[in-house]
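The values are calculated or read from the model by the stated rules, or taken from the named source; none is laboratory data. These figures come from a predicted structure and were not determined experimentally. Note that we place each Cβ from the backbone using ideal geometry, even for glycine, and neighbour counts take in every protein chain shown. When the accessible area is computed, the model is the full protein with side chains, heavy atoms only, and any ligands, DNA or RNA have been set aside. Shrake-Rupley method; radii C 1.70, N 1.55, O 1.52, S 1.80 Å.
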Amino acid sequence: MFLKPRSMTASHLIIFLHGIGASGEQLAPLASSWRAHLPDFAFATPDAPVRNSYGGHQWFKVDGMQLDPGRIRQAREAFDRKIRDVVSREGFDGRLDHVAFVGVSQGAIVALDGVASARWKIGALVAFSGLLPPGPVPPDGGRTPVLLIHGADDRTIPSAASTIAAGQLRSAGFRVELDVEPRVGHTISTTGAGKALAFLQSAFRR
């Protein structure tokens, strides 16, 4: 799904990346709620390239092994192809500094991997309830500002995963904001969505 700005000429592009077993359509309401605040932005909510057994989509196979870096590395080619298609379709080739990723759960994992590996040097990244597998992070991608939001009561991916990711990224020179929300589980809260919107507005004002 693609939401165009009213002017039809977008200044920036936000790509939403959904979680496992979901679809891009499930993040469309969040994109729609941001339109009034970001009127010149285009929004894309693509489906992940892999179908799962429950009828939804996924970025990589899990089978109880979310922390297996090999699973994430295997997903890179399909992820990159999907993102390149979206970027090209929306007219942002050569303008990656005007592009943001907003990922949740598995979508946050592949978004973090894309930025941390320096494959995607984009303008901003918001990761809800994500993780970054242990390992070195090259310093040459560190210009992307990153916001990590995680519920303290998350029972799917513990909030410590975002705390660890923040340390990994900061060590590589990334500007990182970390917000662990009390009494929030594995979801995007209203407060978290508002913080993400404010972060993106600030990031792109720079």
Exercise. Return the FRET efficiency for the residue pair Ser32, Ser171: r is the Cβ-Cβ distance, R0 is 45 Å, and the value is rounded to the nearest 0.05.
Key: 0.75
Quiz item: In whole percent, what relative contact order does region 16-147 give with Cα contacts below 8 Å and a gap of six or more residues?
Solution: 23
Self-check item: Those residues of region 24-60 whose amide nitrogen sits under 17 Å from the label point placed on Ser11, 7 Å along Cα→Cβ
Solution: 34-43
Exercise. Please give every one of the aspartates and glutamates within straight-line cross-link reach of Lys121, meaning a C-alpha to C-alpha distance under 12 Å, and leave out same-chain neighbours fewer than 8 residues apart.
Key: Asp97, Asp113, Asp140
Practice problem: Return the FRET efficiency for the residue pair Ile164, Gln201: r is the Cβ-Cβ distance, R0 is 30 Å, and the value is rounded to the nearest 0.05. | Solution: 0.65
Self-check item: MRE, 222 nm, helices only [DSSP H, n ≥ 4, -39500 (n - 2.57), over the chain, to nearest 500]
Solution: -10500 deg cm²/dmol
Quiz item: Label point 7 Å out from Asp153 along Cα-to-Cβ: which residues of region 179-206 have amide N under 14 Å?
Solution: 181-190
Quiz item: Between Thr187 and residues 5 or more places away or on another chain, which pairs have amide H atoms under 5 Å apart, with H built 1.01 Å from N, and which residues are they?
Solution: Gly151
Exercise. Assign unit charges at the C-beta atoms only (+1 for Lys and Arg, -1 for Asp and Glu), then state the dipole size of the chain relative to its Cα centre in Debye, rounded to the nearest 20.
Key: 340
Quiz item: Label points 7 Å out from Cα along the Cβ direction at Arg76 and Asp97: separation in nm?
Solution: 2.5
Quiz prompt | Average accessible area per residue (Å²) across the chain - probe 1.4 Å, nucleic acids and ligands excluded | solution = 45
